[in-house]
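First up is the structure itself, then whatever we jot down about it.
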Amino acid sequence: MTKLSSEAVEAINRNALVTVALKRGFNAYLPVCDEGIDLILHSESTNDTRLVQLKGRWTIDRKYIGRNIWIAFPDRGSWYVIPHDSLLELGERHTNTDSWQKGTYSKGSLSKQDLAELQPYRFGSPDPIMDEAAAEA
């Protein structure tokens, strides 16, 4: 099997997130110019708008501080969507690292503590939604 390019992985991840967003009542819009926002999620019924930066894993970055950007990332089949500055507060224990001193910090799989802290921001999994849509087709 051919290794996917980073662009292909990003497209797959974006589509997975959009699948979950649609089920939760959001529509997705792609910005014409990406200046730190990969997509915009908007719920017309609640007027909730989220400016989303798509990541492959839990990530904080100095360039997102104070910009009302939400970080979306997958872990163990579920997507999490959380305001960057809230993620930074949860991740304060990582701000003494060399990586953060250079401006960014990311980590792989979430710990049990991370999963508990992020529970309110668990957006969902695309798999049951795709199964449901296939069954209705």
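Ratio of segment 25-66's C-alpha Rg to 2.2 N^0.38 Å, to two decimals?
Dividing the Cα Rg of segment 25-66 by 2.2 N^0.38 Å gives 1.27.
How large is ³J(HN,Hα), in whole Hz, for each residue of segment 94-106 in order, when computed from phi with the Karplus curve 6.51 cos²θ - 1.76 cosθ + 1.60 and θ = phi - 60°, using x for Gly and Pro?
My calculation for segment 94-106 gives 9, 7, 9, 8, 4, 4, 5, 4, 7, x, 8, 8, 9 Hz in order.
Binning at 10 angstrom from zero up to the longest distance, how are the C-alpha pair distances of segment 60-123 distributed in percent?
Once binned at 10 Å, the Cα pair distances of segment 60-123 give 21, 57, 22, 0.
What's the longest bit of the chain with no exposed GluC sites (Glu not before Pro), using DSSP loop states and at most 14 other Cβ atoms within 10 Å as the test?
The reported range is 45-137.
Trypsin sites (Lys or Arg not before Pro), restricted to segment 71-137: which are DSSP loop and have at most 15 other Cβ atoms within 10 Å?
For trypsin sites (Lys or Arg not before Pro) across segment 71-137 that sit outside H, G, I, E and B with at most 15 neighbouring Cβ atoms in 10 Å, the list reads ARG76, LYS102.
Debye calculation, C-alpha points only, no solvent: report log10 I(q)/I(0) for segment 6-122 at q = 0.12, 0.18, 0.20 Å⁻¹, in the same order as the q values.
Reported log10 I(q)/I(0), two decimals: -0.42, -0.96, -1.18.
Would you list HIS42, HIS84 from fewest to most Cβ contacts within 10 Å?
The order, fewest Cβ neighbours first, is HIS42, HIS84.
The numbers here are math on the coordinates, done by the rules we state, and not lab data. Please read these numbers as outputs of a predicted model, since none were measured by experiment. Here the Cβ is made from the backbone with ideal geometry for all residues, glycine too, and neighbour counts use every protein chain on show.
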